[in-house]
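As structure tokens, the structure follows; a few thoughts come after it.
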Amino acid sequence: MEEKKDFVPDKYWYDSIWIYVFGFIILIFLGIVFYRSLNPEWKQYQAQFKKVVEKKLGPEVARKIDFGIKQIWNPDIMGPNVADRCITCHMGVEIKGLEGEDVPVVFRTHPNPDGIMDKHPIEKFGCTSCHGGQPPALTVKQAHAGKGVRWLWPVYTREMQKKYKIEENRLVMIQINCNHCHRFDKETPGMDYINLAKQIIQEKNCRQCHVIDGYGGNIGPGLTYEGDKSHELFDFSHIEADLEERELPKTVFTWHILHFENPQKVVPTSIMPNFGFSHKENVALAMLVMSWRKVKYPVEYLSNPDKYYTLKLMDEGRIKAQEIELVPRVSTIIKQDTQKVDKGQTANKVELGKQLFSSKGCNACHALTDQKLVGPGLKGVAERRKKEWIVAMIHNPDSMLNNDPIAKQLLKEFNNVRMVLTQPVNIEEAEAIYEYLKTIK
Ligand code: HEC
Ligand code: HEC
Ligand code: HEC
Ligand code: HEC
Ligand code: HEC
């Protein structure tokens, strides 16, 4: 008689074990998810924060802390749908008594160097306007928008500064963000790197070759919104080996640092001079050009708002670059200055101008008679031309030769031989030279 086979044979009994095991694993997994949702990262920080406050300020104060998700929202500056939730973890920023190295950095009272926090109250400016980062995120990785997170502006941490070999214990890369609103300040307390870079731009006369804020030459690319250029537009092919050897991250910021270090290494055909800057200067310049981007803040959140307004009008094509060009700018400055200058100063200026005329190499191309050398003889030039015109011509011949009708005409007369300065001449110096030329009749 044949045995019935309508039941699961003994040798398959272990299949049911698998089902139990899988069931159990799924249960544990759900348990973890459930526990995590009750105990997210930020809650762990808040629990730690309570302990820190208990220790530093006493249990009385700790009991008064209001826990939960915290946020700062100012639609003017953050847009209508976003709030900064950084203070959910950074709960101590506005609490006195949590300064100092023994408090973990995430819980510290916010530092107030140069009193800047009084100028930018947190309830108005939030955190991301200065620090960057992803406003509503509630994990460190997402909020700080570090590696692997798709967000344009990360929080610039000390760790990141180390990667770029910036030897500072302060947070300095943050100045990139400061300059979104302080772009047109000549100098701002608390922004030493950016101030240094702005000074270099003047001293090295980068505008000889680059349009910045609407004016300058066209030999190199325009830089007014350099910070908005995307990663894809930069060619890293000549520096791959350097990045690896020096352990630098492959970012646009690094591209700029290396390009200032040695333009020809990054762009072999470049005619941009190698200025021999130090690493600090390269970093400062890279920070400055990265900060040059279109900002959407309302005017009351900007320093020197009229300049931003002018730039906006230009972007919209409502005024031409030439209209805010050097000539009107110089003439306003000169008008203000002439009111200040007295006779005694004028005498000094003539002397200074005389020295500058040779130290800046003008005499290589100009005689002080009627005679033409490379350029026209300068006898009586102050009677032929307006003061503003002459000062502008000396300060920025390139721009004048491109835009000003009289200068363009002269260029034709001199067979397209351009007046080129080997050293920059600032407006004060140009004025002094003018005072000197006035005496050559
Ligand atoms: C989930 C908690 C959490 C959130 C949310 C959070 N942070 Fe932090 N933050 C930390 C911790 C922890 C540290 C300590 C150092 C670290 O881990 O990077 C820190 C450090 C910092 C530092 C100092 C970095 C340094 O190198 O000393 C800054 C600046 C900062 N955070 C800004 C922000 C900003 C801006 C936001 C909002 C966009 C934010 N954080 C949101 C947890 C958080
Ligand atoms: C006006 C710009 C500004 C705003 C707004 C601002 N910060 Fe800062 N923050 C700074 C500067 C500047 C420093 C660096 C000070 C230094 O290193 O000298 C700093 C430092 C920090 C540090 C590091 C503290 C330390 O001791 O190293 C943390 C953390 C921080 N900020 C978090 C925040 C949070 C959170 C907010 C929002 C509640 C915020 N900041 C708003 C400018 C700002
Ligand atoms: C969202 C725009 C914004 C950001 C970001 C910003 N500021 Fe300001 N800041 C302002 C405005 C607006 C004023 C007021 C300007 C005025 O009164 O002319 C100001 C004033 C100041 C002043 C006082 C200037 C004076 O003449 O009294 C200092 C110093 C300063 N900011 C430094 C900083 C630093 C450092 C940072 C970055 C850590 C920074 N700012 C970030 C908008 C900003
Ligand atoms: C003699 C002309 C000349 C001078 C002076 C000059 N540059 Fe350049 N610059 C160029 C040219 C040409 C390029 C394009 C080729 C290259 O990338 O090197 C360039 C490229 C750049 C770029 C990269 C732009 C991009 O998006 O590819 C930056 C940034 C820059 N210059 C900044 C400066 C600064 C800052 C100074 C002053 C310290 C300066 N340049 C002085 C000619 C000049
Ligand atoms: C490389 C030669 C060269 C150098 C150096 C030079 N110039 Fe010129 N300059 C010219 C030429 C050429 C013109 C005529 C316009 C043109 O073709 O660019 C000119 C025009 C001028 C004019 C206008 C003259 C007129 O008749 O309207 C003035 C003023 C002037 N230069 C002053 C200076 C001063 C001041 C310096 C020194 C800071 C200087 N130049 C350096 C070549 C030079």
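The values are calculated or read from the model by the stated rules, or taken from the named source; none is laboratory data. As the structure is a computational prediction, the values presented were derived from the model and not from experiment. All Cβ positions, even for glycine, are placed from backbone atoms using ideal geometry, and neighbour counts span all protein chains on display.
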### Message
For a quick check of your reading: which helices (runs of 4 or more DSSP H) sit entirely within the range 28-88 and have at least 1 residues that are under 36 Å from the mean Cα position of the chain (by Cα)?
### Response
41-57, 75-78
### Message
Against the condition surrounded by fewer than 16 Cβ atoms within 10 Å (Cβ to Cβ) and out of contact with any Leu (no Cβ under 8 Å at 6 or more places or on another chain), how does Glu226 come out, does it pass?
### Response
no
### Query
Where in the range 107-187 are there helices (runs of 4 or more DSSP H), lying wholly inside it, with at least 2 residues that are in contact (Cβ under 8 Å) with a residue 24 or more places away in the chain, over 15 Å from the mean Cα position of the chain (by Cα) and within 25 Å of Lys294 (Cβ to Cβ)?
122-125
### Message
So, Pro121, is that one outside the structural domain of Glu300 (by TED's automatic domain parsing) and buried (at least 19 other Cβ atoms within 10 Å of the Cβ) or not?
### Response
no
### Query
Taking into account only those residues within the range 392-441 that are assigned to a loop (DSSP other than H, G, I, E, B) and crowded, with 18+ Cβ neighbours inside 10 Å, which is nearest to ligand 4 (Cβ to nearest atom)?
Asn396
### Message
Scan the range 233-256 and tell me whether some residue there is acidic (Asp, Glu), surrounded by 13 or more Cβ atoms within 10 Å (Cβ to Cβ) and over 30 Å from Asp76 (Cα atoms).
### Response
yes
### Query
Out of the residues in the range 136-168 that are of a type in the set (Gly, Ala, Ser) and more than 16 Å from Lys250 (Cβ to Cβ), which is farthest from ligand 5 (Cβ to nearest atom)?
Ala137
### Query
Within the range 169-194, how many residues turn out to be touching a Phe, Trp or Tyr at 6+ places or on another chain (Cβ under 9 Å) and of a type outside the set (A, V, I, L, M)?
7
## Note on the structure
If you go through Ile72, Ile77, the only one that is in the same structural domain as Ala143 (by TED's automatic domain parsing), in contact with an Asp or Glu (Cβ under 6 Å, 6 or more places away or on another chain) and not hydroxyl-bearing (Ser, Thr, Tyr) is Ile72
### Query
Which is under 23 Å from Thr139 (Cβ atoms) and surrounded by 11 or more Cβ atoms within 10 Å (Cβ to Cβ), of Lys51, Lys56?
Lys51
### Query
Does Ser359 qualify as being under 19 Å from Phe184 (Cβ atoms) and either modelled with pLDDT under 90 or surrounded by 15 or more Cβ atoms within 10 Å (Cβ to Cβ) (or both)?
no
### Query
If you go through the range 195-210 one residue at a time, do you hit one that is at pLDDT 95 or above, crowded, with 21+ Cβ neighbours inside 10 Å and not in a helix (DSSP H, G or I)?
no
### Message
Being polar (S, T, N, Q) and more than 18 Å from Cys209 (Cβ to Cβ) is the filter here; which residues of the range 383-415 pass it?
### Response
Gln409, Asn415
### Query
With the range 244-346 as the region, which helices (runs of 4 or more DSSP H) entirely inside it contain at least 2 residues that are at pLDDT below 95?
305-315, 326-340
